[in-house]
Amino acid sequence: MYFQIMTEYRKPSPSDSDPNHIVSETVVIANILLGESFVFEPGESIEIPFQFVLPHETPISIGVSKIWIRTGMDIDNAVDPSDRDNIEVLAHPHTSVIFEALEELGFHLHKAENEYFPQPNYYLPFIQNFEFVPYQNGEYRRSVEELELVFYPDENGVEVLLEFDRRARGFSGLLAEMLDRDESHHRYYFSNEELEEGAVSVADQFRGIFNDLLDV
């Protein structure tokens, strides 16, 4: 008996008729084995207690990012011995602090999607990107149209990849430029200790970063 943590991501699939065609691909985030073999008597019910830790790379259940558990058993002659159950994955408390800090600076989440973007030393073929826009009364409303972020959490903190889009070019173009340039000033690492100081402290750090990048 086993189950798998699953999600979907968007991937370009251009064709002659539609060069902008996008398809959805399903991917396994994690495989969990619950047992090698079980014997069930007719009418018997068995409960199997278990626990597991989600990989840090698991996307958050936000926007159009759906995550589910697919359970299955290798049963001889079974037609479809599997089941699907949607689950909600909450942001890690440290990632939540970053969301709160951006809210403190006058940004709100506009869109979140899983986008195809394979990277070296990163086992998933996609990243979850977040698009924030300033509130009408936000302090960056005059200088920023969109703020694009990708989070890379680990056991020691969260790396943030960010870029401002003042021309609304779309995320894919921005991210490609960011990674091609590999400019270190677009990558920032917040340690657990920094994040535990709270959203106001992190917002102050972001404010310094934003003002430097925007030449405010």
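The values are calculated or read from the model by the stated rules, or taken from the named source; none is laboratory data. Bear in mind the structure is a predicted one, so any value in this text is a computation, not a measurement. When we count neighbours, we look across all protein chains shown, and the Cβ atoms used for this are built from the backbone with ideal geometry, even at glycine. What goes into the accessible areas is simple: the full protein's heavy atoms, side chains included, and nothing from ligands, DNA or RNA. Shrake-Rupley method; radii C 1.70, N 1.55, O 1.52, S 1.80 Å.
Mind ranking 70, 207 by accessible surface for me, highest first, 1.4 Å probe? If you can, show how the numbers build up before the last one.
Working: 70 90, 207 70 Å².
The most accessible residue leads, giving 70, 207.
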ask   = When all alpha-carbon pairs of the range 1-120 are counted, what percent fall beyond 22 Å?
value = 53
request  = Take 195, 33 and sort them by solvent-accessible surface of the protein heavy atoms, 1.4 Å probe, largest at the top.
outcome  = 33, 195
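Give, rounded to the nearest 20 debye, the magnitude of the charge dipole that the range 1-131 has about its Cα centre when Lys and Arg contribute +1 at Cβ and Asp and Glu contribute -1 at Cβ. Write down the numbers at each step before the final one.
Details: 6 positive and 21 negative charges, 73 e Å.
With Lys and Arg at +1 and Asp and Glu at -1, about 360 debye.
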message = Just to be sure I understand the model, the point goes 7 Å from the Cα along the line to the Cβ. What's the resulting residue 47 to residue 207 distance in nm?
response = 5.2
inquiry  = If I model a spin label as a point 7 Å beyond the Cα along the Cα-Cβ vector, how far apart are those points for residue 143 and residue 25 in nm?
reply    = 3.8
